[in-house]
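What follows is calculated from the coordinates using simple rules that are stated; it is not laboratory data. Small disclaimer: the values here were computed from a predicted structure and weren't measured. Cβ: placed from backbone, ideal geometry, glycine included. Neighbour counts: every protein chain shown.
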Amino acid sequence: MQLNLRNPLIFFDLETTGVDVASDRIVEISYLKIYPNGDEESRTMKINPTIPIPPKVIAIHGITDEAVKDAPTFSTVAKNLAKVFEGCDFAGYNSNKFDIPLLAEEFLRTHVDIDLKKRKFVDIQVIFHKKEQRTLSAAYKFYCDRELIGAHSAETDTKATYEILMAQLDRYSDLPNDVDELSKYSSHNRNVDFLGRIILDDNDREIFNFGKYKGQSVEEVLKKDAGYYTWMMNGQFPLHTKKVLTNLKLKYAFGK
């Protein structure tokens, strides 16, 4: 089976210094670019995160400070990556909750202009969990009937993710071979920011999806508790969440 694509689809995986989107950094990125005609292009690169990699994280992916000390920083490769990603949709494993938000943060830190919100995102983990409720290695065994050797290597996980999606499309006749529909199916919420701190409700209103105002209108919260905006802007929230909140505040104030 060949993927039915309108745009190139980027399968990708990140290895990082940790799991905090606001403060952690990429140490390795691997992508597999699938073109609408079926052609493929791939690359894997180490990234110098400019901060130490904790030992407990090194124990997971095996990438040490020594291994990345001479690698380029993300700011060095950001413009070239943005060119590669331009006009593409994205797919990954648990990518909606982690990889996409962290990638967006890295681009924002380097002030490289790439609007990922215009793209479609297919999260293979969400499809898997909705269908079978398992982990990446189990998914690979279940769908591809092979053991995943080298898990937690960005390149290995990226290729496995692509193979799993192809197997999912073969297995489930009701799973659409269409990135727009796969993006909808593999999303739990309609996120306004990448991390899903702000989402759209059934009436297309922006609402908070965390904390004491969870489920409440962002517009109403900002009206009744102006300090909440300041608290979020000074807090450990991702840059993209802060950017979205600021844009919403301006929209409510000036009707734009």
What residue among TYR162, TYR31, TYR172 shows peak mean-square fluctuation when the chain is described by a Gaussian network model with Cα springs under 10 Å? TYR172
Which whole-number percentage describes the relative contact order of region 137-239, with Cα contacts under 8 Å and a sequence gap of 6 or more? 10
Hey, what do the phi angles of region 14-19 turn into as Karplus ³J(HN,Hα) couplings, whole Hz, using 6.51/-1.76/1.60 and θ = phi - 60°, x for Gly and Pro? 10, 10, 9, 7, x, 10
Mind checking the angle between helix 100-109 and the chain's longest principal axis? C-alpha axes, 0 to 90 degrees, to the nearest 10. 70
In this structure, the FRET efficiency calculated for GLU147 and PHE210 from their beta-carbon separation, with R0 = 35 Å, to the nearest 0.05, is 0.40
SER173 label point, 7 Å along Cα→Cβ, cut-off 20 Å on backbone N: hits in region 115-136? 131-132
Starting from 0 in steps of 10 Å, tell me what percent of the Cα-Cα pairs of region 198-254 lands in each bin. 23, 63, 14
Give me the one-decimal Kirkwood hydrodynamic radius in Å for region 89-179, with the sum taken over alpha-carbon pairs. 14.1
How many nm is it between the label spots at GLU219 and LYS243, if each spot is 7 Å from the Cα in line with the beta carbon? 2.4
How high is the relative contact order of region 198-254? Use alpha-carbon pairs under 8 Å, at least six apart in sequence, and give a whole percent. 21
Can you sort LEU116, LEU14 by how many other beta carbons sit within 10 Å, fewest first? LEU116, LEU14
Output the pairs from LYS159/LYS184; LYS33/LYS117; LYS117/LYS212; LYS79/LYS130; LYS212/LYS249; LYS79/LYS120 with a Cα-Cα distance over 29 Å in this structure; if there are none, say none. LYS79/LYS130
When the helices in the chain are scored as -39500 (n - 2.57) per DSSP H run of 4 or longer and the sum is shared across all residues, what 222 nm value do you end up with, to the nearest 500 deg cm²/dmol? -12000 deg cm²/dmol
Inter-site label distance for MET233 and SER23 at 7 Å from Cα along Cβ, in nm: 2.2
GNM top mover of PHE121, PHE210, PHE11 - the chain, alpha-carbon springs below 10 Å: PHE210
Take the Cβ-Cβ distance between ASP113 and ARG134 as r, set R0 to 41 Å, and report the resulting FRET efficiency rounded to the nearest 0.05. 0.60
Label point 7 Å out from MET45 along Cα-to-Cβ: which residues of region 1-33 have amide N under 15 Å? 13-15, 26-33
Given the options ILE114, ILE60, ILE47, state which has the largest fluctuation in a GNM of the chain using a 10 Å cut-off (strictly under) for Cα springs. ILE60
Relative contact order (%) - criterion: Cα under 8 Å, at least six apart; region: region 9-185: 24
